[in-house]
Amino acid sequence: MLLSHLLTRAGIENIVIERQSKAHVLDRIRAGVLEWGTVETLRDAGLGDRMDAEGKVHETINIAWRGRELLSIDTADVVGKLMMAYGQTRIQEDLFDAAEALGTTVFFDAQDVVLGDLTSDAPNVTFDIDGESCRIDADFVAGCDGFHGVSRVAIPEQLRTEYEKVYPFGWVGIMSETPPLPILLYANHERGFALCSMRNPMLSRYYVQCPIDDQVEDWNDDRFWSELIARLPPVQAAQLVTGPSIEKSIAPLRSFVSEPMSYGRLFLAGDAAHIVPPTGAKGLNLAVSDVRYLSQAIVAHYAGDPSGLSDYSAKALRRVWGAVRFSWWLTSLLHRFPHQSAFDQRAQEQELFYLSSSRAAQTALAEQYVGLPFES
Ligand code: DHB
């Protein structure tokens, strides 16, 4: 939807084909922390009004470790940038509203989507809506259809290289209509990782690390809250306001990259090409940076410069790998790994100690957390 919006604003006609219903898309709880480059991209695209009114600016990243200690990194101080808490579901609403205002065609509930003639100058997409078959002929196909979509696998297998890392744990996440902690807080605790985040002043988002095979049914609200509280330092544990969860889910953690991100006239963006573990909230932000690069390359193509499209995959992947490496590192730093050797455990503690005592180390974390700069 963001790519569509950027293209429409540049006068480039486009059609969005969505497998799900609009209600389904708007019902999903997704990411919630925006890098500053994402904030600016949305503002520049005319999508900043509600985000600026309702979003909460984060000035610090906080890491609790050794049970009590709180390491607070002031990102404005060390790298001159901030982050914004504003839910992906809200952004999605803003994008649907903008699409309606601009008259963009969005097909919902599209089934049996097939991409055709991708290596020709005239690719097409066919699909069914309510049993009726439709076909769209276009200059380009943007594969923004997530990990389970049809786009990545439309690239012949022998042309794809996949990189994957699966982590030996998951996150139980809940949403509750309770006031969040005033800070964004990550905890490395001997019982496992925990995270306190937010969506708005009366909507909190919390996560705790859980064994890889756990099911949602294993985690009633009481168990979740007591486990979360046990992993927080005493001050935050005392501040935490509990309440009934309004959503609860378990997500496995993994890193995945498929290269290249283009094939003929097909260009992949977001989860269609890469997955990051949620630690560091990079998934949504990477999707935004992909479509920012892709929209610029498509606009340049129609202005007579084809180089942006031929460079798109390599350029996008440089930024993707930056975030893939960072979220792998932050995941490794903050979780308790089952069967961790005593050596590895001490090395992790030393890294937290170094981070808490070195401005250089805090600067490196903050620079990547707020988002590496876009290439021009
Ligand atoms: C969320 C926030 C984070 O900072 C993070 O690393 C992962 C998820 C969230 O609010 O959903």
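Since every read-out is calculated from the coordinates, none of them should be taken as a lab result. Given the structure is predicted, the values throughout are model-derived calculations rather than measurements. Don't worry about glycine lacking a Cβ; one is built from the backbone with ideal geometry, like all the others, and counts go over all protein chains shown.
A few remarks follow.
- The residues neighbouring PHE140, those whose beta-carbon lies less than 13 Å from its own, together hold a net charge of -4 under the Lys/Arg +1, Asp/Glu -1 convention.
- Taking 22 Å as the straight-line reach from the Cα of LYS165, the lysines in range (excluding those fewer than 8 positions away in the same chain) are LYS282.
- Only Lys, Arg, Asp and Glu carry charge here, each on its Cβ (+1 for the first two, -1 for the last two); on that basis region 238-363 has a dipole of about 100 debye about its Cα centre.
- Within-15-Å neighbourhood charge of ALA187 [Cβ basis; K, R +1; D, E -1]: +2
- Contour excess over end-to-end distance, with Cα ends at GLU375 and ARG43 and 0.36 nm allotted per residue: 117.7 nm
- The 3J(HN,Hα) values that the Karplus relation (6.51, -1.76, 1.60; θ = phi - 60°) gives for region 246-263 are, in residue order, 9, 7, 8, 8, 10, 10, x, 10, 7, 10, 8, 9, 10, 10, x, 9, 8, 7 Hz. Gly and Pro appear as x.
- Taking Lys and Arg as +1 and Asp and Glu as -1, the other residues whose beta-carbon sits under 12 Å from that of ARG318 total -1.
- Separation of alpha-carbon centers, region 1-18 and region 320-361, rounded to whole Å: 40
- Taking the longest Cα principal axis of the chain as reference, the axis of helix 283-302 is set at about 30 degrees.
- Rg/Rh for region 58-130, where both radii come from Cα atoms and Rh is the Kirkwood radius: 1.29
- Distance from region 71-92 to region 105-155 (C-alpha centre basis), Å: 35
- Percent of alpha-carbon pairs separated by more than 12 Å within region 308-347: 67
- Relative to the globular-protein estimate of 2.2 N^0.38 Å, the Cα radius of gyration of the chain stands at 1.01.
- Note: relative contact order over the chain, using C-alpha pairs below 8 Å and six or more positions apart, is 20 percent.
- For region 68-133, relative contact order (Cα pairs under 8 Å, six or more residues apart, normalised by length) works out to 18 percent.
- Computed over region 186-288, the range of Cα coordinates on each principal axis works out to 56, 32, 25 Å, biggest value leading.
- For the chain, the Cβ-based charge dipole about the Cα centre amounts to some 1220 debye (Lys, Arg positive; Asp, Glu negative; other atoms uncharged).
- Dipole of region 97-204 computed with +1 at Lys/Arg Cβ and -1 at Asp/Glu Cβ about the Cα centre; of VAL166, VAL113, SER133, farthest Cα towards the positive end is VAL166.
- Calculated [222 nm] ellipticity per residue, helices only, for the chain: -11500 deg cm²/dmol; basis is -39500 (n - 2.57) per DSSP H run with n ≥ 4, divided by all residues, nearest 500.
- Taking every alpha-carbon pair under 8 Å whose residues sit at least 6 apart, region 214-347 reaches a relative contact order of 20 percent.
- For region 111-257, the fraction of alpha-carbon pairs in successive 10 Å shells from zero, as %: 10, 29, 20, 18, 18, 6, 0
- Helix 307-334 and the longest principal axis of the Cα set of the chain meet at an angle near 20°.
- On Cα atoms only, tilt of 342-357 relative to the major axis of the chain in degrees: 90
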